[in-house]
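Here it is, the structure in full.
The values are calculated or read from the model by the stated rules, or taken from the named source; none is laboratory data. This one's a predicted model, so the numbers in the text were calculated from it and none came from an experiment. Cβ placement follows ideal geometry from the backbone for every residue including glycine, while neighbour counts extend to all protein chains displayed. Surface areas here come from the heavy atoms of the whole protein model, side chains and all, with no ligands, DNA or RNA. Shrake-Rupley method; radii C 1.70, N 1.55, O 1.52, S 1.80 Å.
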Amino acid sequence: MKICRECFYDVFEEEVHSCIIDNQLFKPGERVAIGASGGKDSTVLAYVLSELNRRHNYGLDLFLLSIDEGITGYRDDSLETVKRNEAQYGLPLKVVSYKDLYGWTMDEIVKMIGLKNNCTFCGVFRRQALDRGAAMLKVDKLVTGHNADDIAETVLLNILRGDIARYNLYFLGTRIPLLPLLLHFDNCFCCETLTVPFTYAYFKRLDYFSTECIYSPNAYRGFAREFIKDLERIRPRAILDIIKSGESFRIATSTKMPEQGTCERCGYISSQKWCKACVLLHGLNRGLPKLGIGRSRGHDNDECKKEAKQTTEGKEIQGKPCGTLDF
Ligand code: SF4
């Protein structure tokens, strides 16, 4: 559709509104945290959701929830953007830091482990930090904003890695440690491609932060990104098709899935004795950060030895950079 700027805003906002109403995503009186990184996707999400909440009387109590990974020159600057958004949108902001939760900043972690597996630590810690922040805010729901390109990359990555558990949990929406719903705004395909939220944010002159993380590696995700872009050149709908395929994918009932329990160490949701964050933290605190890298099956001596062997053999799995749906 070729539409003018004002109509573009209307179409975009109405798509989001229809998605919320059609899927009955919220109930009046609910407390909802918006994951806010200061980036374009989460800024668009915060802006549009607060606008629709006012316009259509959803009756939601909205909050901004930010994670401070402790990355000097990146997160400190983007948090300044979120603080401005707090005032601009009138939404209370809660910042949860890795330093407070885990005793480590990403700067300190990178100093110890270098730039190879930093995103593994960061991704695991962030997932848990978001849940913990949401619990601190006592919210009913947590919403995060991602564009369609990110989702399509994640579908491909989880398939390429054979990570059925993570794949299934994302699409069936069952990874719900503390909250009844982890909502992705993109479920409604309102952020059809990378360019739509960007265009919306740009023309609306939203205040967002667009610098890449200084520790962003050339991770495995980069291959999926390039592949998807190649596909898109041949078939422009490829991104949406991949997402739709992902949604239609069903895991055979005979497939053994991890059972959810709680971490013996911190009480966080885990399918193993220790959650992944505790395993990683244990390695860091012992000065052996590579112990926690790889596909851990929980913490026990045999597994630790096996993982240590794997890492020394160079089999460690490179983590995903942010912007991912590493749930
Ligand atoms: Fe963390 Fe993202 Fe930076 Fe990796 S790229 S260190 S996941 S903020």
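List, in order, the whole-Hz ³J(HN,Hα) value for each residue of the range 238-247 obtained from phi through the Karplus relation with A = 6.51, B = -1.76, C = 1.60 and θ = phi - 60°; use x for Gly and Pro.
Ordered by residue, 3J(HN,Hα) equals 4, 4, 5, 4, 4, 5, 4, 4, x, 5 Hz.
What distance in nm separates the two pseudo spin-label positions at residue 11 and residue 241, each 7 Å out from Cα along the beta-carbon direction?
That separation, rounded to one decimal, is 2.2 nm.
How high is the FRET efficiency from residue 112 to residue 264, r the C-beta distance, R0 22 Å, rounded to 0.05?
0.30
Sticking with this one: Could you give each residue of the range 106-121 its phi-based ³J(HN,Hα) in whole Hz, using Karplus coefficients 6.51, -1.76, 1.60 with θ = phi - 60°, and x for Gly or Pro?
Once rounded to whole Hz, the list reads 5, 4, 5, 5, 5, 4, 7, 9, x, 9, 7, 10, 4, 6, 5, 4.
Rounded to the nearest 0.05, what FRET efficiency do residue 211 and residue 83 give with R0 = 22 Å and r taken as the Cβ-Cβ distance? Could you check?
Step by step, r from the Cβ atoms, then E = 0.85.
For a Förster distance of 25 Å, can you work out the FRET efficiency between the beta-carbons of residue 3 and residue 55, rounded to the nearest 0.05? Intermediate results must be reported in sequence, preceding the final value.
On the way: r = 20 Å, r/R0 = 0.79.
That gives a FRET efficiency of 0.80.
Tally up the carbon and sulfur contribution to the accessible surface of the range 1-154 as a whole percent, 1.4 Å probe, everything protein left in place. Each step should come with its number before you reach the end.
Values: 3190 of 6290 Å².
Carbon and sulfur atoms account for 51 percent of the accessible area of the range 1-154.
Amide H of residue 93: which non-local residues (sequence gap of 5 or more, or other chain) have their own amide H closer than 5 Å, using H built in the peptide plane?
Distant-sequence amide H within range of residue 93: 64.
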